[in-house]
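The values are calculated or read from the model by the stated rules, or taken from the named source; none is laboratory data. All of these numbers come straight from a predicted model, not from anything done at the bench. Quick reminder, even Gly has a Cβ in these numbers, built from the backbone with ideal geometry, and neighbours come from all protein chains shown. Each accessible area value is taken on the protein alone, full model and side chains, heavy atoms only, with ligands, DNA and RNA left out. Shrake-Rupley method; radii C 1.70, N 1.55, O 1.52, S 1.80 Å.
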Amino acid sequence: MTRALMMTIGLASVGVEAQVAKSPSFEVTVVKPAKPDADGEDWDSNEGTTVIQNYPVIKLIRNAYGLSTVSQVVDAPDWLKDERFDVTAKVDAEEFHRLNTLSADERDKEFSDLLKGMLAERFGLRVRPGTRKMPMYALERVSATTLGSKLQSVPVGKDGRAIGGHHSNRNGGHWDAQGVSMEEIARLLSGRYEMGGRPVVDRTSTPGAYRFTMDYAPDNGTGVAPDATLPGLSDAVRQELGLKLVKTDGDVPVVIVESVKKPELD
C-alpha cells in the first residue's frame, strides 16, 4: 500500500524547531524490528492510530522535519539508513478529538510535533537546523499561461484541504493524485530514482490544489528501457502536467543529527 499522505511537507516550509525539554508525545508507542522478509514500506493512519511498517529511522526523521529527501538528514550514522523498524503510535481519544477540530495546517504541524517527540523519546534524537549547498531540481511551469491537459484544478474547502479527498498513489509507472499542491508534487518527485536523489523545489509560483492521472516508463536507476512505449518520468511530467524539472544547485534546508541511539525494543 502506498503510504497515506499524512502531512503537507515541502522544502519551502521546513520549520526545524529547536528541541525543548518536553515534546508532544503519543499516548502509546510500540517499536519493534521489522520482519527480515518484509516487502515494501507502509504508513497508515486510522482513528488516532498510526502504523508504520518496515521504515528506516532516517525516513522517519525526513517526514517529521518536513524534508524532501533523506540526503537532507546530515551526519546520520549508517544504522539510521540500514536498520528498519515497525512503529505503532496512538493518541488518546481526547487528543484525537482535539486534532480533528484544527485546521489542516495546524493538524499537520501537530502531527509533525508528535513524530518529533516520539523520535526524541524512543530514539534519543537531537538535531539542529542548517543548510547545505547541493544539487537539486527546480519544478517550473513550461508555460506561464497554461498547464498540462492532465493537470486539473480542484476546489479547496475552508479547512484548506481539497474538496473530494487528498491522496497520491503510485504503482509502477502509474501515478494517480488528488488534491495535491505544486509543493507536494515537488516533494513527491524528490527522492525518486529518476531524480538521482536530488531534492525537488517548487518554483512554479502556482497556488491551489490539483488532480491528475499519468503513466510513464519507470526508471529504477538504470534508465528507461530502450523498447519502452511510454515516456520517462521527467518527460511525462512535462508532456502531461505542463511542468519541467530544471537541474540546478542551491542551498537546501537540512537537519544535522547531534545524537541518536538505538531504541529499546518492545
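Among the residues of segment 86-136, the ones that are more than 21 Å from W43 (Cα to Cα), surrounded by 15 or more Cβ atoms within 10 Å (Cβ to Cβ) and free of Cβ contacts under 8 Å to residues at least 40 places away in the same chain come to 0 in all. Under 21 Å from F26 (Cβ atoms) and either among the aromatic types (F, W, Y) or open to solvent by 10 Å² or more (accessible area, probe 1.4 Å) (or both): does that describe H166? Judged against the criteria, H166 is not a match.
Residues in segment 131-169 that are in contact with a helix residue (DSSP H, G or I) (Cβ under 9 Å, 6 or more places away or on another chain) and among the hydrophobic types (A, V, I, L, M, F, W, C): M134, M136, A138, L139, V142, L147, L151.
In this entry, S149 is excluded by the filter for residues that are within 24 Å of A64 (Cβ to Cβ) and either of a type in the set (S, T, N, Q) or free of Cβ contacts under 8 Å to residues at least 60 places away in the same chain (or both).
Basic (K, R) and within 17 Å of L67 (Cα to Cα): does that describe R98? Answer is no for this residue. Quick one: which strands (runs of 3 or more DSSP E) lie wholly within segment 186-266 and hold at least 1 residues that are over 17 Å from V142 (Cα atoms)? Here the list reads 209-215, 243-259.
Residue by residue, here is whether (1) modelled with pLDDT of 95 or more; (2) under 19 Å from D113 (Cα atoms); (3) open to solvent by 40 Å² or more (accessible area, probe 1.4 Å); (4) polar (S, T, N, Q) holds:
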| residue | (1), (2), (3), (4) |
| --- | --- |
| D42 | no, no, no, no |
| G48 | no, yes, no, no |
| I52 | no, yes, no, no |
| I61 | yes, yes, no, no |
| L67 | no, yes, no, no |
| Q72 | no, yes, no, yes |
| D75 | yes, no, yes, no |
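Contact map, segment 180-209: first residue on the phi > 0 side of the Ramachandran plot and surrounded by fewer than 23 Cβ atoms within 10 Å (Cβ to Cβ), second residue hydroxyl-bearing (S, T, Y) and part of a loop (DSSP other than H, G, I, E, B), Cβ cut-off under 8 Å, separation 6 or more or different chains; pairs are G191/S68; G191/T69; G197/T69; G208/S181.
Selection within segment 230-248: residues that are more than 21 Å from the chain's Cα centre (by Cα) and among the charged types (D, E, K, R). The member of this set that is farthest from K133 (Cα to Cα) is E240.
When restricted to residues that are open to solvent by 100 Å² or more (accessible area, probe 1.4 Å) and at pLDDT below 95, segment 248-261 contains 1.
How about segment 112-169: which of its residues are closer than 16 Å to Y210 by Cβ and not in a loop (DSSP other than H, G, I, E, B)? Matches in segment 112-169: L139, E140, R141, Q152, S153, V154, V156, A162, H167, S168, N169.
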